[in-house]
Each structure stands twice: as C-alpha cells, then as structure tokens.
Amino acid sequence: MDDAAAWSERVEDARKRHRPRCKDWKKDKFAWSRKFEALGDDEFLERNGEKIKRIHVTKISVDEFEERYERRREPIIIKGIPEYEDWPSRNWRPENIPEELLNLKLKCGEDEDGKSIRLSLNDFCNYLKADCEGDDSPLYVFDSRFVDTDWGQALRRGQPGPPRIFRHDLFNLVSEKRRPPYRWFLIGPARSGTNCHIDPLGTSAWNTSLVGRKRWVLFEPGTSRHVAKGSKLYDWRIQNDEPINYFLQILPRIRQAYSNTRHIEFIQYPGETVFIPAGWFHAVINLDHTLAYTQNFVSPAVFDDAWIQCRDSRPKMTCKWFQALTTAFPHLATRALALGPGSTNDKLIALFKQHNTSIPLSVLKVKEKKEKDPPSHAIQIANNSASSADDENYCRRNDDNNLDNNKNKKNKKKKKKRKIAKRPRTDDPPSFFSQKCPARKRQRHEVSA
C-alpha cells in the first residue's frame, strides 16, 4: 500500500475536481448520524409501503420471468445468481481484491467539463478503509470502460456476462462503439449513491450486489418528474441534493406530500439482483461499503418504447440497429416498420422505403413540405430566370410600388415635421399651454405647487 499522505492527497484532488464548489465535505456529519443508520431498518419498510417480491433464481424460468415481470414491468429481486452461475467475483471483498486489479484507474466522478476523474483501485481501497475520511457523500466508482478495453479483462473475468435470466439484450446487435455506456463495475462506499433518475433509451436494468447492502426507492411509470425528485419540496440554493440528502431529507417529504403515489422501498442484500423495469424512476444509497455489477438492456418485451426513444435521439445507431433486426429478429423489424421512422431521420426513412413499406402520412407531409418550399435565395434565382415579358411586368409593378412607397414615406415625414413644429416648448407663455396642451399645463402647475 502507498503512504497515507500520498493517497490522501490524490483523493483530495479528485474531490476538488468533482465538486469544486463544496468547501466542506463533512458539513452535515452524516458519517456519525443515527438517521443514516436508521435507513437500514428493514422493519420500518415492511410496516410502511409496498413490499417487493423476492424469488430464488432456481425457482423461476426465463420464459416465466419475461411474461410475469418484464412484460408487465414489475420490479423483482432474484436471489442467488452469483453462486448459481459461479461468478469469480462473488468472493471479492474491498480488503482482498486481486492484486492484478489494484493498479487499474477507475472512474470515480466527473469535473465541470464532463471529463472523467480517475483514481487507482489501490487508492480507492485506502479511501474505503479510512471510512472515506468522514465525507458526507463520498466518491463513488462507477466505471464502464472495462467492457471494451484490454486492461478491463480482469474485471470481465470477475463477471463473465449478463445473468442467464436476462438473456435478451437487443442492443447487442449494435457495435460497442455505437451503443451508449451500458455496463458498469461499482465500488460504493457507505453514504454514496445515485440520484433519482430513469434509465435512458427505454432500457431496463439489473443490479447485482456482491458485497454490502443498498437502499432503493422506485416510482412507477407515469410518475411526474417533480414528484419523484421532490424538486418542489426543497430549495436547491440552500440545500444539497446529494443521494444521502435525498433519502434523509427529501424522500420523507415526498411520502407526506404525495401519499397517493405508488412507490416501492426496499433493501438489497449481498447476492441479490434487482430488476428495474423500463420507465421506473429509481434512486439508490449504499448502506455499507459495496461491490456490484449493473447493466442496462433492451428486451423484446419493451421494444416499442426503446425504438421510439432511439429513433428520436440516436438516429445513426437506430439505422444500424434496424438493419441488424431485419436479419436477426424479422418480427421486431416488422414492428419497427409499423411504429415508423420518425420525422427527422432521413436515412431511416430511406431504409423504410427500400423495404416497400408505407411511410405515415404525417411524415410524408413534412418531407414534401420541406422539398416544395425552397429557400429564399432559390426563389430569387427562379424569378431572375423568368420570361422577359414577366420580368418587365414584374419590374414595372415593383417600380410602381417603390414610387408609391417613397411618396407615402415623404408624406409621413412632412406630417411628423408639422407635428414637431406645433409641439409646445417649456419656455412658451402659459396661455399657449391652456389652449394647446391642457395636460401639460396641469403637470406644470402640480410641479410648481
């Protein structure tokens, strides 16, 4: 291990870059707070709110899972996946991580420009052993680069691939470079976490905890963003919105203010895998030092939403995806044709036409309008190339209009000059004010009085 002063300096530098406006990372003293310890009270969650279903991986089939949970978009906890599938990482602990991993530099935050902040795993383990030096909301390793890099082979060996029960990921048809980040290795110190959010592009997610407990809250699809985030229940100018602030201060207000909103709160234990369906707002806080793997994926059960979001926000990726679907999953390609290409993706519209499909009328009207309405410079060129007779008539009309416009402008200027000439001056006698400008006279008398 490195000298304590050396790793502490590197951690301090990472802190300053990640949250440069935070002057005191120990301001609320959550590291010694009983309120934080109370978040691990499972009895409170059982007495209050909806319970989440738990089932062992050996007692549910893939088809049953897809029909009962994926298609209905119901969250569930599946037990025993790391042991059942014999993951090498199931025995990893922060204090005995394989030495070949200690020199890896993993992402633990972003600076204000969106650039990744990285620490070696060795430094981060020292940070964990020091209880993150009492930080209220510690740094959090959330790294996705191990998926497609040479140095990430050891991490990939720890978790070879997605669990069998999540076998379908339609984004696998797209290259790693095209698809957005989707798989992460996590080291979460106690009090760290992720704020309330929905997974992007209509994806679902699974999260397997190898070490430590996590506290979750999920809000059903259709919940307003301001309800799930509680954005109207606190003042961001005077209160932090870190995950620990959300769970300790904001979430209790959400329960009280929006008591009719369906939400599920639970604790995830080591060896458990949480399934988060597409469209559910969710937030997480780590109750202990945790190690975990997580991945976003698209299953055929939620294809419609994923297609609509992808075609509107990632048109290039959607074109490649559609081409792959036509050979790998023809029935889903047919479904994509029925959903349409959107109104802005020209390349995708061309692909749809190649498949002899009817484009929705709304799309065609937009495209025809764009083609029929040329820009102004094109209209000018077309006018210049008109016949000589039309040009002469056009010029005469323009000349007549210009003459009329000039006469009107001159007349308006003369009228303005006359009005200006008749306008009273402050040094005119009072009799003039009484005849021509009574309002001005009243104002003058008020001032003088």
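Packing, as the average of other Cβ atoms within 10 Å across residues, places the peptides 203-213, 31-41, 124-134, 260-270 in the order 203-213, 124-134, 260-270, 31-41, highest first. Here the spin labels are modelled as points 7 Å beyond Cα on the Cα-Cβ line, and at HIS197 and THR327 they lie 3.4 nm apart. Here r is the Cβ-Cβ distance between ASP131 and ARG253 and R0 is 22 Å; the resulting FRET efficiency, rounded to 0.05, is 0.15. A Förster radius of 41 Å combined with the Cβ-Cβ distance from ALA350 to ARG164 puts the calculated FRET efficiency at roughly 0.60. Got the relative contact order for the range 3-91 handy, in percent, Cα pairs under 8 Å and 6 or more residues apart? Taking the mean separation of contacting Cα pairs over the length of the range 3-91, I get 21 percent. Other residues with beta-carbon under 9 Å from the beta-carbon of ILE285 carry, at +1 per Lys or Arg and -1 per Asp or Glu, a net charge of +3. The modelled label-to-label distance for the pair GLU50/ARG157, using points 7 Å beyond Cα in the direction of Cβ, is 4.3 nm. Using a probe of 1.4 angstrom, how much of the accessible area of the range 221-293 is carbon and sulfur, in percent? Whole-percent figure for carbon plus sulfur exposure: 47.
When only alpha carbons are used to place a centre, the range 264-339 and the range 151-216 end up 11 Å from one another.
Scattering from the C-alpha atoms of the range 1-83 alone, worked out with Debye: what is log10 I(q)/I(0) at q = 0.15, 0.18, 0.23, 0.26 1/Å? Treating every Cα as an identical point scatterer, log10 I(q)/I(0) equals -0.85, -0.88, -1.12, -1.26. Once the Cβ-Cβ distance of THR334 and ARG225 is raised to the sixth power relative to R0 = 35 Å, the FRET efficiency obtained is 0.55.
Between GLU12 and ASP41, the contour length at 0.36 nm per residue exceeds the alpha carbon distance by 7.2 nm. Stretching LYS320 away from LYS26 to a fully extended chain increases their span by 101.0 nm, per 0.36 nm per residue minus the current alpha-carbon distance. Look at the Cα gyration tensor of the range 38-137: its axes a ≥ b ≥ c give a/c of at least 1.5 with a/b over b/c, and that counts as prolate.
Using θ = phi - 60° in the Karplus curve 6.51 cos²θ - 1.76 cosθ + 1.60, the 3J(HN,Hα) couplings for the range 212-221 round to x, 9, 10, 9, 10, 9, 10, 10, 5, x Hz; x is entered for Gly and Pro.
The values are calculated or read from the model by the stated rules, or taken from the named source; none is laboratory data. Since the structure is predicted, the reported quantities are computational estimates derived from the model, not experimental observations. Positions of Cβ are backbone-derived with ideal geometry, glycine not excepted, and every protein chain shown enters the neighbour counts. Each accessible area value is taken on the protein alone, full model and side chains, heavy atoms only, with ligands, DNA and RNA left out. Shrake-Rupley method; radii C 1.70, N 1.55, O 1.52, S 1.80 Å.
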